[in-house]
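The values are calculated or read from the model by the stated rules, or taken from the named source; none is laboratory data. It should be emphasised that the depicted structure is a prediction, and the values quoted were computed from it without experimental measurement. Cβ placement follows ideal geometry from the backbone for every residue including glycine, while neighbour counts extend to all protein chains displayed. Ligands, DNA and RNA are stripped out before the accessible areas are found, and what is left, the full protein with its side chains, is counted by its heavy atoms. Shrake-Rupley method; radii C 1.70, N 1.55, O 1.52, S 1.80 Å.
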Amino acid sequence: MLRSVQVRTVLVVPESPLHHLHWRGELALSLDCFICERIDRTTAFVQGAERAVCSGARGTGEHYTAARISVFDQTTERDRTTLRAIVDYWWSPFHDAIRVQPAHSLTHTPWVRHHLGYYCQQQEQAGEFSIQTNVLRPQSIDCQHCSTPIAQSHEPPELRLLT
């Protein structure tokens, strides 16, 4: 079955952005993988790639999986930047024999990480950071070159199963 999940991340940004905040085209998401038949696998996505990479089962390593980023947009309002991605992936029911649990189309413990970048005009250098679901909030992100605040995360990324 083809499934789609929307990932939405909202960041509070300074009103006069000096760091050109942008999405780096990478996303990590926990999914139940029907290929290796394991639940809660970290799946890595790159914008434009036709398939994603599942972290796989212990001992077997990574493998490709039928998943991709189908839509991405970034909107910036006065003091907020919203990142939204829609991920399409194939899923089939299975039973994880190691954890003795059934799989779900959106794993029971969904987790996501958005990779972001910026350009420090003051130091003329690029930097990067990530926002993920399992960190304490509020989370403040400062420029690694000039220590200026770049963004704040007040709420974890939101995941919503669409189909």
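Of the residues L136, L162, only one is on the phi < 0 side of the Ramachandran plot, loosely packed, with under 13 Cβ neighbours inside 10 Å, without any contact (Cβ under 8 Å) to a residue 24 or more places away in the chain and of a type outside the set (S, T, N, Q); which?
L136
Do you know which residues across the range 139-159 are open to solvent by 80 Å² or more (accessible area, probe 1.4 Å), outside any strand (DSSP E or B) and in contact with a strand residue (DSSP E or B) (Cβ under 6 Å, 6 or more places away or on another chain)?
Q144
For the range 1-58, give me every one of the strands (runs of 3 or more DSSP E) that falls completely inside it and has 1 or more residues that are of a type in the set (K, R).
Result: 2-12, 22-33, 38-46.
Where residues in the range 95-110 are in a loop (DSSP other than H, G, I, E, B) and open to solvent by 100 Å² or more (accessible area, probe 1.4 Å), which of them is modelled with the lowest pLDDT? Spell out the reasoning first.
Keep residues of the range 95-110 that are in a loop (DSSP other than H, G, I, E, B), which gives 97-100, 103-110.
So of that shortlist, the ones also open to solvent by 100 Å² or more (accessible area, probe 1.4 Å) come out as 98, 100, 108.
Details: I98: 85, V100: 86, H108: 78.
For the range 95-110, the residue satisfying everything is H108.
Taking the condition open to solvent by 70 Å² or more (accessible area, probe 1.4 Å), basic (K, R) and at pLDDT 95 or above, does R58 pass? Write out each step before concluding.
Working: open to solvent by 70 Å² or more (accessible area, probe 1.4 Å): yes; basic (K, R): yes; at pLDDT 95 or above: no.
The answer is no for R58.
From the residues in the range 114-132 that are hydrophobic (A, V, I, L, M, F, W, C), closer than 12 Å to H20 by Cα and touching a residue at least 60 places away in the same chain (Cβ under 8 Å), which one is surrounded by the fewest Cβ atoms within 10 Å (Cβ to Cβ)? Working first, answer last.
So the first thing to find is which residues in the range 114-132 are hydrophobic (A, V, I, L, M, F, W, C), and the list is 116, 120, 126, 129, 131.
The next check asks that each one be closer than 12 Å to H20 by Cα; those that pass are 116, 120, 126.
Restricting the remaining residues to those that are touching a residue at least 60 places away in the same chain (Cβ under 8 Å) gives 116, 120.
Numbers: L116: 22, C120: 19.
Per the stated criteria, the residue is C120.
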